[in-house]
Amino acid sequence: MRYFTYKSLRFNLKGFIVIIFILCLSSCQADRNKEIIHFREGEIINPLNLVRFNEGIYDSENQVVIYFEGLGEYSILNLNWSKFIKENEDVKFIFYYSGSYLDELKNVLVESEFPMPMVYDPEKVFYKNNIKEELTFISFLVKKNKIVGMSNPSIPNFQKKLDELKRL
């Protein structure tokens, strides 16, 4: 019988996020077709000002709405969002951050040249209105303000999911 030690188990970021996302996907299916409730009063964090934040984004027909709390090695920010943002101009990406480290978030956004502004939500208003499970991140696919699925760049068919969202 072979025993594995902690050091012998290695997880890469993409694999870790895929596993967590799949577990969430199975428990979050009840949220399909639920109307998304945006937190419009949040502070906009946009240290690079590469993309101007427009309030109309909340009413866009096609959205990917990302909620996260954590920064660091396993943060959802470490995924390749830029590629999909650039290639899908008719899909609006809205990021909500509810973590405690606002200065660290700003540093991460500058260092990684992250192109998108964030909505800072320290009171977790978005989370309380939209998420029933205990999660530190989630990524909803939204059509006409209704949740139609979940996906993110760690899932191999993310572009296919975005294409399906646009066709709905």
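The values are calculated or read from the model by the stated rules, or taken from the named source; none is laboratory data. Because the structure is a prediction, the values reported are computed rather than measured. FYI the Cβ positions are ideal-geometry reconstructions off the backbone, even for glycines, and counts take in every protein chain you see.
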Practice item. Identify all residues within segment 44-55 that are out of contact with any helix residue (DSSP H, G or I) (no Cβ under 7 Å at 6 or more places or on another chain) and not in a loop (DSSP other than H, G, I, E, B); write none if there are none. Key: Ile44, Glu55
**Study point:** Candidates Tyr67, Tyr58 - the one that is in contact (Cβ under 8 Å) with a residue 12 or more places away in the chain, crowded, with 19+ Cβ neighbours inside 10 Å and either in a helix (DSSP H, G or I) or not polar (S, T, N, Q) (or both)
**Key:** Tyr67
Exercise for review: Return yes or no: is Leu79 surrounded by 15 or more Cβ atoms within 10 Å (Cβ to Cβ) and either at pLDDT below 95 or under 29 Å from Lys160 (Cβ atoms) (or both)?
Suggested key: yes
Study note, to complete from the structure: Residue hits (segment 109-152; assigned to a helix (DSSP H, G or I) and surrounded by fewer than 17 Cβ atoms within 10 Å (Cβ to Cβ)) are Val110, Glu111, Lys128, Asn129
